[in-house]
Amino acid sequence: MSNQEFETLLFTVDDDGIATLVINRPDKLNALNNLVLDELQKAFRYIRENNSVKGVILTGHGEKAFVAGADIKELSVLGPKSGRKASEKGQDIFNYIEETPKPVIALVNGYALGGGCELAMACHIRIATDNAIFGLPEVSLGLIPGYGGTQRLTRLVGKGRAMEMILTGTHIQAQRAFETGLANQVVPASEGYQTATEMMRLILKKSPVAVSKAIHAVNTCEYDRDEGYKLEASHFGTLCGTSDFKEGVSAFLEKRKAKFTGN
Ligand code: CO8
């Protein structure tokens, strides 16, 4: 598989079987539109099915963003039914990434907001560069995280911290993300790729079958997962029918402050 097969991703595999997958929409801060999601699914299918790939490093193109969220222009036209469907589609793809039986490391190299933070959380390990900024700002758009964030953040950092991040929509710096358990490590931006590669090499020295069973077992401790995701998608769809959602996304696209009414 080569870059020619993707419009929004850069995909390479080195001689040791380490794949690097780069989300490549830097003019939109690598926001996840439908095409990026479809191509991510295609790339992970290849990664799973191809024995020459041993593990994956996922990152964003440019120095500014890992992924700044779902594409708000595409979100802005969603209604209750399509909103729920879009949430379920993203959840399915992120679950597919999380269930990859080979190690997946997110190299978070800038903004990881909304769907971008959720994508990083679906990876097995997160290496953050010191300029990384994490956040789930969906409430500012009249929404909630809809790609698994309500479930994964709670498991990663605990209920209290998850509530604070999700209800305030606040951005947090890489160091704070490390202190809360959202990031595994923080490294200078210039060392991000090297650190992620070294961690990957360490994992690839272990038994691949043991690593894949460990990934499966750790993922399986999430007992209420399916119910949690169903509820998240259902609420996401409901919110797509509100005036606050229309106001939130219009305000972002028109570059002004949102005025919410609670309807
Ligand atoms: N979607 C679409 N375009 C975006 C996004 C986005 N999420 N983020 C940035 N962009 C675009 C901007 O519109 C701008 O485009 P243009 O140059 O054409 O105007 C370009 O990227 C550069 O961005 P800025 O000029 O805004 O750059 P700044 O450095 O001033 O600001 C920020 C950077 C702070 C990251 C700012 O861009 C921002 O706040 N972005 C939005 C962040 C956000 O709210 N993310 C969450 C989105 S909602 C979400 O992810 C829901 C996930 C669940 C969905 C489930 C069902 C679909």
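The values are calculated or read from the model by the stated rules, or taken from the named source; none is laboratory data. Computed from a prediction, not measured in an experiment: that's the story for all the values here. No Cβ is skipped: glycine too gets one built from the backbone with ideal geometry, and neighbour counts run over all protein chains shown.
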Name the helices (runs of 4 or more DSSP H) wholly within segment 1-108 that hold at least 3 residues that are in contact with a strand residue (DSSP E or B) (Cβ under 7 Å, 6 or more places away or on another chain) and surrounded by 15 or more Cβ atoms within 10 Å (Cβ to Cβ)? 34-49
Here are some residues: 35, 107, 78, 29. Which one is under 22 Å from residue 200 (Cα atoms) and in contact (Cβ under 8 Å) with a residue 12 or more places away in the chain? 107
Right, residue 160: buried (at least 17 other Cβ atoms within 10 Å of the Cβ) and either at pLDDT 95 or above or farther than 18 Å from residue 119 by Cα (or both) or not? no
Unique residue being near the ligand (Cβ under 8 Å from one of its atoms) and either under 30 Å from residue 205 (Cα atoms) or among the β-branched types (Val, Ile, Thr) (or both) when the list is 72, 166: 72
Qualifying positions in segment 118-137 - part of a helix (DSSP H, G or I), without any contact (Cβ under 8 Å) to a residue 60 or more places away in the chain and near the ligand (Cβ under 9 Å from one of its atoms): 118
Say whether the condition of being among the β-branched types (Val, Ile, Thr), modelled with pLDDT of 95 or more, assigned by TED's automatic domain parsing to the domain that holds residue 126 and more than 30 Å from residue 50 (Cβ to Cβ) is met by at least one residue in segment 178-190. yes
Unmet criterion (only one of (1) without any contact (Cβ under 8 Å) to a residue 60 or more places away in the chain; (2) assigned to a helix (DSSP H, G or I); (3) more than 21 Å from residue 116 (Cα to Cα)) for residue 238: (1)
Could you grab me the full set of residues in segment 158-208 that are within 18 Å of the chain's Cα centre (by Cα), of a type in the set (Gly, Ala, Ser) and part of a helix (DSSP H, G or I)? 162, 174, 177, 192, 196
Select from segment 242-263 the residues that are assigned to a loop (DSSP other than H, G, I, E, B) and surrounded by 14 or more Cβ atoms within 10 Å (Cβ to Cβ) and list them in ascending order. 242, 258, 260
